[in-house]
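Step one of this worksheet: look at the structure below.
The values are calculated or read from the model by the stated rules, or taken from the named source; none is laboratory data. What you see is a predicted model; the values in this text were computed from it and never measured. Heads up, the Cβs are rebuilt from the backbone with ideal geometry, glycines too, and the neighbour counts pull from every protein chain shown. Side chains are part of the model used for accessible areas, which takes the heavy atoms of the whole protein and leaves out ligands, DNA and RNA. Shrake-Rupley method; radii C 1.70, N 1.55, O 1.52, S 1.80 Å.
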Amino acid sequence: MTRDNKFGFAPLETKSVKPRARAVGPMGAAVRDAAESLTESTEAKVEQRRQNADDAKAFRAAADEGRVLERVALGDVHTDDLPRDRLELDAVAQSDEMEELKSSIMARGQKEPVELYRGDDGRLQLKKGWRRFTALRQLFAETGDDAYAGIIARIAKADDNRLTRYIDMVEENVVREDLTFAEMAQVAITAAGDAQVEEGSADVLVGRLYGALHKMKKSYIRSFVTLLEALGDDLSWPKAVPRNLGVDAARALKSGQGDVVDLRTRLSVAATPDAQNAVLADFAAGAVVAAKSAPKAPKQKFEFHVGQTKVTARQGECRIVSKQDYASIPKAQLQRAIRAFEDALKEEGSPSIKSL
């Protein structure tokens, strides 16, 4: 039984009504697609701008650190600021090795970049890669081909100092063992004479320029520094001097046993590298003979005992150590003993201290 309400009729029976599915119309779909596309496009542009900013920052950092390669016109590259690490540059430029390098560049292109830096006047100066630069310059002169009119280069950052440039110049040739000991010595001598390098003598600079080499190799370089500094231009073919001969000749020069003036005179008239090396060998051998025949210098210090007393003798000093309490001896008595000691040393034919 249903219960009537106050209006006299029963409650209406209701049925659950499912919501009507409403399909998106053509216009709505187009608007929605346009909105989604705009959102995706905006996000993509934001991401692209962020990536571009990161790339630009990375590129600037790489450029500042000298890691960016550029093609530079040969005419914009200069070689007059930093002395080269090779002797006899004209001979190297005309060598068979240079022709081989030119053939390689013609066949495969320039595979290794050179390194440049900006000098104080703003011009680009060559730091590393003299052989590659020379090969390309010769190819361009011989062929006129624009393919050889430029060089792939890395431009070093501007805050490197003068000594760093010397080190960078020789680094790859030293690793490749492409420099002779004479050439390495000449770099040290040149750097020592450079007003912008404050590290000191050529001997000291050998340790800075060639710090990665074994100490024995640095010792050889220092021997050639001695040789080049002592003989100068009279040594016409320094690259032709073998390592051991250079070391022997430098040792002879340091000993002071040979006649350096005579040596330089004989070297100045030597007509060939072999004749030059023969003169050096004679000088080194003569110095060895002179050293063996020279009287030995007295020892700088020696010690001996007289009974329980120990005596140490050296230049300007004679030290006496014993159990005797010398402070308890009257001063006048000590003075008499010292005078007697000095008088005994002055007597002609008296025994020396060493023979006591």
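List of remarks:
- Each of the peptides 235-245, 191-201, 303-313 was scored by the mean count of other Cβ atoms within 10 Å over its residues; in descending order, highest first, they stand as 235-245, 191-201, 303-313.
- Backbone amide hydrogens, once placed in the peptide plane, bring Lys127 within less than 5 Å of Glu115, Leu116, Tyr117, excluding anything fewer than 5 places away on its chain.
- At a probe radius of 1.4 angstrom, the accessible area of the stretch 87-218 per residue rounds to 51 square angstrom.
- Within the full protein context, the accessible area of Val174 is estimated at about 30 Å² for a probe radius of 1.4 Å.
- Straight-distance candidates among the aspartates and glutamates for linking to Lys45, with alpha-carbon spacing under 16 Å and chain neighbours fewer than 8 residues away dropped: Glu36, Asp54, Asp55.
- Sparsely packed loop sites in the stretch 145-214 (the trypsin sites (Lys or Arg not before Pro) outside DSSP H, G, I, E and B with at most 11 other Cβ atoms within 10 Å) comprise Arg176.
- Note on the stretch 165-307: Cα-only Rg and Dmax are 18.1, 67 Å.
- Normalised by 2.2 N^0.38 Å, where N is the number of residues, the C-alpha radius of gyration of the stretch 122-184 stands at 1.33.
- Of the solvent-accessible surface of the stretch 191-313, computed with a 1.4 Å probe over protein heavy atoms with every protein chain present, carbon and sulfur atoms account for 53 percent.
- Gly150 long-range amide H proximity, modeled H, under 5 Å: Leu74
- Area of Thr143 that stays accessible when all protein chains are in place (1.4 Å probe, Å², to 10): 70 Å²
- Sequence of Ile189, Ile338 from largest to smallest accessible area, 1.4 Å probe: Ile338, Ile189
- On the principal axes of its alpha-carbon atoms, the stretch 124-231 has extents of 46, 29, 25 Å, going from largest to smallest.
- Sequence-ordered 3J(HN,Hα) estimates for the stretch 219-233 from the Karplus curve with 6.51, -1.76 and 1.60 and θ = phi - 60° stand at 5, 4, 4, 5, 5, 6, 4, 4, 5, 5, 5, 7, 9, x, 6 Hz, glycine and proline given as x.
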